[in-house]
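One structure below.
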Amino acid sequence: MTENNFDEQAQVTPEATPEDDIATGEIVEEPTPVTDSDRVAELETLLAERTADLQRLGAEYVNYKKRVDRDRLQSRQAGVESVVQDLLPVLDSIALARQHEDLGEGFRLVADELNRVAVKHGLVGFGEVGEAFDPNLHEALMQLPLPDGTEVDEPTVSQVMQPGYMLGDRVLRPARVGVANPA
């Protein structure tokens, strides 16, 4: 019985020869030997690809960081603008009370602190009698000559009904004014 097992194992098909490949039509490439210089070139190419990927990733991160910082600053500015916009009527009331000298000592301290905080966050009031009329900053409500009767060479603010406010370089509210025109 051992002989039969041996015969069965002996009938294993031999390895394919180049002639057999030609007969079946298959193209078999013999492996080319890899030299050290080929391996070095392959590794250098791989290194260059990884370096380029790393540089691209680094640039993407820097751009992401800039975008996040810019968005964070814009969000903060929008929050400050919203709060200051809500405080404008309070600032107007304080300005009217000061014009009529109707501020008590305790309330004057609160009003001064409120103005200090508004200025700290970049709020700037504008709209004074005598300044040149600018339609980007002023809203003309009426035409009035200057109180002292002075002639003007350009449209000039002659009366301020309500001061305007800017936050940074953005106009929150234009000044509502009367305008004196040149003769």
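For GLU139, enumerate residues with amide H under 5 Å from its amide H, sequence gap 5+ or separate chain, H modeled in the peptide plane.
The answer is ALA175, ARG176, VAL177.
Give the shape of region 37-121 as rounded, prolate or oblate, defined through the alpha-carbon gyration tensor: a ≥ b ≥ c are the square roots of its eigenvalues, a/c under 1.5 means rounded, and otherwise the shape is prolate if a/b is larger than b/c and oblate if not.
In terms of gyration-tensor shape, prolate.
Tell me, what HN-Hα J-couplings in whole Hz come from the Karplus equation 6.51 cos²θ - 1.76 cosθ + 1.60 at θ = phi - 60° for each residue of region 87-101, using x for Gly and Pro?
Whole-Hz 3J(HN,Hα) from phi for region 87-101: 8, 4, x, 5, 5, 5, 5, 5, 4, 5, 4, 5, 4, 8, 6.
Using modelled amide H (1.01 Å from N, peptide plane; none on Pro or chain starts), what sits under 5 Å from the amide H of VAL152, excluding residues fewer than 5 places away?
Amide H to amide H, under 5 Å and 5 or more residues apart or across chains, VAL152 pairs with ALA183.
As a footprinting exposure proxy, order HIS138, HIS100, HIS121 by other Cβ within 10 Å, with the fewest listed first. Walk me through the intermediate numbers first.
Numbers: HIS138 23, HIS100 7, HIS121 14.
Neighbour counts put them in this order, fewest first: HIS100, HIS121, HIS138.
How fast does region 124-183 diffuse by Stokes-Einstein, in µm²/s, taking the Kirkwood radius from C-alpha pairs at 10 °C and 1.306 mPa s? Could the numbers behind the result be given before it?
On the way: Rh = 11.3 Å.
The diffusion coefficient I find is 140 µm²/s.
For a footprinting-style exposure proxy, rank ASP148, ASP38 by other Cβ within 10 Å, fewest first. Please list the in-between numbers first.
Working: ASP148 8, ASP38 11.
Result, fewest neighbours first: ASP148, ASP38.
What list of ³J(HN,Hα) couplings, whole Hz, do you get for region 55-66 from phi and the Karplus terms 6.51, -1.76, 1.60, once you set θ to phi - 60° and write x for glycine and proline?
Values, residue by residue: 5, 4, 5, x, 5, 4, 5, 4, 5, 4, 4, 4 Hz.
Each reported figure results from applying straightforward, stated rules to the coordinates on display, with no laboratory input. Quantities reported herein were computed from a predicted structural model and do not represent experimental measurements. A quick note on method: Cβ atoms are made from the backbone with ideal geometry, for glycine too, and the neighbour counts reach across all protein chains shown.
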